[in-house]
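Quick notes on the structure that follows.
The values are calculated or read from the model by the stated rules, or taken from the named source; none is laboratory data. Note that the structure is predicted; figures quoted are calculated from it, not measured. Heads up, the Cβs are rebuilt from the backbone with ideal geometry, glycines too, and the neighbour counts pull from every protein chain shown. Accessible surface is based on the protein model in full, side chains and every heavy atom, while ligands, DNA and RNA are left aside. Shrake-Rupley method; radii C 1.70, N 1.55, O 1.52, S 1.80 Å.
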Amino acid sequence: MSPTRSAVHLEGSHGEGGGGLLRAALAMAALTQQGARITDVRGNTKFPGLNSEDISLIRPLARCCGAELEGCELRSSELAFMPTQRVRGLNEIVDVYDAPEGPGLASALVVANTLAPVLARSGMFSALVVQGETFGHHVLSFDYYANVTVQAFRRMGLYLYPELNLAGWGRGSRGEVKLEVEPSMLAGLNFAERGPLVAVKAVVTTSDVGNNVGERGMAHLERLAHNAGLDVQCLWVEAPSKGAGAFVTAWAEYENGLGGAAAMGIKGVRIEAIAQQAFDGLGRFMASGATVDAFLADQILPALAMADGDSVFTVDRLTERFLTTAWAIKQFLPIRLTIKGQEGGPGVVTIRK
């Protein structure tokens, strides 16, 4: 590949300087057919350079747009990603890059969430099986993705159908998620005001921890909701897995907004405490008046940037990752992406085409 080939150059240590910047840049490169050259990859993190999760994403993303690659190897600090064709659908198992050493395997949902809006614009049906972590600490997990992220996508006309084949508990686990992606025309979102509350929901997912754990988690969530004057629709799922684990996700659906919180079980910590942690996070979102939570804002921004029409939403907290993702998107698209608010505080986001 010619080193002089035209491409958008990005400094990988900008802002948060982590994986969010890399994923946003690669998705935009694939969708806009512009090359991307990223230097100092993950340069603002404790583990700089490409990790196994990055490589697990880059490989299928490159296949769907025929991208030529340079530097796609573990701990590489520079990456060139050069699309050679329009995005096409994929029908495959997305292999996890299993490095003999490094920070662990991929998060299956992080990989799936980056690929989904790209594949939706291909005009083709895609079916993927993505391996890796499906439930973890401070990372996109299956229940949140299936019930919050996917619902937000559907409101913009993007139709995804995720299915949990095997739960993977924690970093380095080998869970498995099936994802079907329909060809979709994305539309903007008008989430300026959340409107009436439609429903409050929660799911407790367990594997090999005993039936009473899931039942206790549901019962505690119902007590918490009752004390808060809320009617919660609660579900317990026993997921197939090669390991043990527990996870609680709670969310609120509004006429024009949604968001929530999640918490992962820890050995020695009662499920009631995990349920309390998730419910408290949901309560903070509901009290904020925002139309999306901080985590959902990260997940939907690249899709909204490529959607037809304008968008507006309010977020309960502007994270450094979100601001960095917005910066990366604007390197590829001539859109007016305006963010009102300061990092760490609430914000209003508008996208004008």
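Here, P(r) means the percent of Cα pairs in each 5 Å bin from 0 to the largest distance; for the range 5-100 it is 3, 15, 26, 26, 19, 9, 3, 0. Assign one of three labels to the range 256-352, namely rounded, prolate or oblate, based on the Cα gyration tensor with a ≥ b ≥ c the square roots of its eigenvalues; rounded applies when a/c is under 1.5, prolate when it is not and a/b is larger than b/c, and oblate otherwise. Because a/c hits 1.5 or more and a/b exceeds b/c, the range 256-352 counts as prolate. Of the solvent-accessible surface of the range 202-302, computed with a 1.4 Å probe over protein heavy atoms with every protein chain present, carbon and sulfur atoms account for 52 percent. Eigen-decomposition of the gyration tensor built on the alpha-carbon atoms of the range 142-201 gives equivalent ellipsoid semi-axes of 26, 16, 9 angstrom, largest listed first. Tell me, Kirkwood radius of the range 85-218 from alpha-carbon pair distances, in Å? After inverting the mean inverse Cα-Cα distance, the result is 16.3 Å.
From largest accessible area down, sort D208, D310, D231, D316; use a 1.4 Å probe on the protein chains. Provide the component values of the computation, followed by the final result.
Details: D208 105, D310 75, D231 125, D316 45 Å².
From most accessible down to least: D231, D208, D310, D316.
Of the trypsin sites (Lys or Arg not before Pro) in the range 221-287, the ones in a loop by DSSP (not H, G, I, E or B) with at most 11 other beta carbons within 10 Å are K267.
Remark: the range 60-77, residue by residue, has Karplus-estimated 3J(HN,Hα) of x, 5, 5, 5, 6, 10, x, 6, 7, 10, 9, x, 7, 8, 4, 6, 4, 8 Hz, where x stands for each Gly or Pro and the curve is 6.51 cos²θ - 1.76 cosθ + 1.60 at θ = phi - 60°. At q = 0.16, 0.18 Å⁻¹, what log₁₀ I(q)/I(0) does a Debye calculation on the Cα points of the range 140-243 give, no solvent, two decimals? Log10 I(q)/I(0), no solvent term: -0.91, -1.05.
Its Kirkwood hydrodynamic radius, worked out from the mean inverse distance over all distinct Cα pairs, puts the chain at 20.5 Å.
Whenever you get a sec, compute what percent of the accessible area on the range 28-158 sits on carbon and sulfur atoms (1.4 Å probe). Mind dumping the intermediate values first?
Working: 2130 of 4740 Å².
Within the range 28-158, the accessible surface is 45 percent carbon and sulfur.
Taking all pairs of different Cα atoms in the range 118-159, averaging 1/r and flipping that mean, what Kirkwood radius in angstroms comes out? Mind showing how you got there, number by number?
On the way: mean 1/r = 0.0837 Å⁻¹.
Computed over the range 118-159, the radius equals 11.9 Å.
Considering helices alone, the calculated mean residue ellipticity of the chain at 222 nm is -9500 deg cm²/dmol, with DSSP H runs of length four and up weighted by -39500 (n - 2.57) and normalised per residue. Taking the Cα centroid of the range 31-92 and of the range 228-247, what is the distance between the two, rounded to the nearest whole Å? Cα centroid of the range 31-92 versus Cα centroid of the range 228-247: 35 Å apart. If only the Cβ of Lys and Arg carry +1 and only the Cβ of Asp and Glu carry -1, the dipole of the chain around its Cα centre is close to 560 debye. When the alpha carbon gyration tensor of the range 16-164 is reduced to an equivalent ellipsoid, its three semi-axes come out at 23, 19, 14 angstrom, largest first. Annotation: per residue accessible area for the chain equals 41 Å², rounded to a whole number [probe 1.4 Å, protein chains only]. Karplus-based coupling profile of the range 175-186, in residue order and whole Hz: x, 8, 10, 9, 9, 9, 10, 7, x, 9, 9, 7, with θ = phi - 60° in 6.51 cos²θ - 1.76 cosθ + 1.60 and x standing for Gly or Pro. Each Lys and Arg Cβ is given +1 and each Asp and Glu Cβ -1; about its Cα centre, the range 125-282 then shows a dipole of about 320 debye.
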